[in-house]
1. Looking at region 49-58, is at least one residue touching a residue at least 24 places away in the same chain (Cβ under 8 Å), farther than 25 Å from Ala103 by Cα and surrounded by fewer than 18 Cβ atoms within 10 Å (Cβ to Cβ)?
2. Go over the candidates Lys63, Lys25, Lys92 one by one and state the one that is at pLDDT 95 or above, of a type in the set (D, E, K, R), farther than 29 Å from Glu2 by Cα and exposed (fewer than 15 other Cβ atoms within 10 Å of the Cβ).
3. Go through the residues of region 102-110 one by one and say whether even a single one is modelled with pLDDT of 95 or more, among the β-branched types (Val, Ile, Thr) and surrounded by fewer than 18 Cβ atoms within 10 Å (Cβ to Cβ).
4. Within the bounds of region 1-16, is there any residue that is in contact (Cβ under 8 Å) with a residue 24 or more places away in the chain, within 16 Å of ligand 1 (Cβ to nearest atom), under 19 Å from Gly81 (Cβ atoms) and under 10 Å from the mean Cα position of the chain (by Cα)?
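The values are calculated or read from the model by the stated rules, or taken from the named source; none is laboratory data. These numbers come from a predicted model, not from an experiment. Glycine also receives a Cβ, built like all others from the backbone with ideal geometry; neighbour counts cover every protein chain displayed.
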Amino acid sequence: METVEKIKQQITENPIIVYMKGSPKLPSCGFSSQVAQIMINCGEQFAFVDILQHPDIRAELPKFANWPTFPQLWIEGELIGGCDIVVDMFQKGELQPLIKAAAAKIKTEE
Ligand SMILES: N[C@@H](CCC(=O)N[C@@H](CS)C(=O)NCC(=O)O)C(=O)O
Ligand code: FES
């Protein structure tokens with residue numbers, strides 16, 4: 001499958017997905033670690049892709065997303081942002097409702 005198709009499939013099939021360096025349990029970069037910690041804190045399941053294991057996605061996603069860096073949080077097929085934005089939204093209490101709403105939809109669909 002073409003990389004862009006793979007990305008589209010991932011963001012469609014996973015209502016909450018983080019593209020990051022390393023894994024939530026073992027992040028390979030402080031920015032990815034911060035976002036993973038916040039996601040864990042929100043208490044809902046989320047998917048992740050370790051872009052260090054997927055150089056094709058690392059190369060293609062920034063073009064597709066029009067966002068140059070990692071991590072990237074995507075909710076329901078839309079880019080929410082990187083580390084700065086996620087931290088800011090979390091601190092303002094704006095992230096949790098988004099996560100909860102997306103997670104609630106997953107639970108209803110099951
Ligand atoms: N200010 C950024 C910090 C993230 C960042 O600068 N990421 C860099 C270093 S980890 C990056 O992804 N560079 C491109 C790459 O490594 O492919 C944010 O809010 O997400
Ligand atoms: S890997 Fe060096 S700043 Fe993220």
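1. Just the residues of region 49-58 that are touching a residue at least 24 places away in the same chain (Cβ under 8 Å), to begin with: 49-52, 56-57.
Cutting the leftovers down to farther than 25 Å from Ala103 by Cα gives us 52, 56.
Narrowing further to those that are surrounded by fewer than 18 Cβ atoms within 10 Å (Cβ to Cβ): 52, 56.
Yes, that holds for at least one residue.
2. Numbers: Lys63 fails: farther than 29 Å from Glu2 by Cα; Lys25 fails: farther than 29 Å from Glu2 by Cα.
Selected residue: Lys92, the only one of Lys63, Lys25, Lys92 that is at pLDDT 95 or above, of a type in the set (D, E, K, R), farther than 29 Å from Glu2 by Cα and exposed (fewer than 15 other Cβ atoms within 10 Å of the Cβ).
3. Among the residues of region 102-110, not one is modelled with pLDDT of 95 or more, among the β-branched types (Val, Ile, Thr) and surrounded by fewer than 18 Cβ atoms within 10 Å (Cβ to Cβ), which makes the answer no.
4. So far as region 1-16 goes, no, none of its residues is in contact (Cβ under 8 Å) with a residue 24 or more places away in the chain, within 16 Å of ligand 1 (Cβ to nearest atom), under 19 Å from Gly81 (Cβ atoms) and under 10 Å from the mean Cα position of the chain (by Cα).
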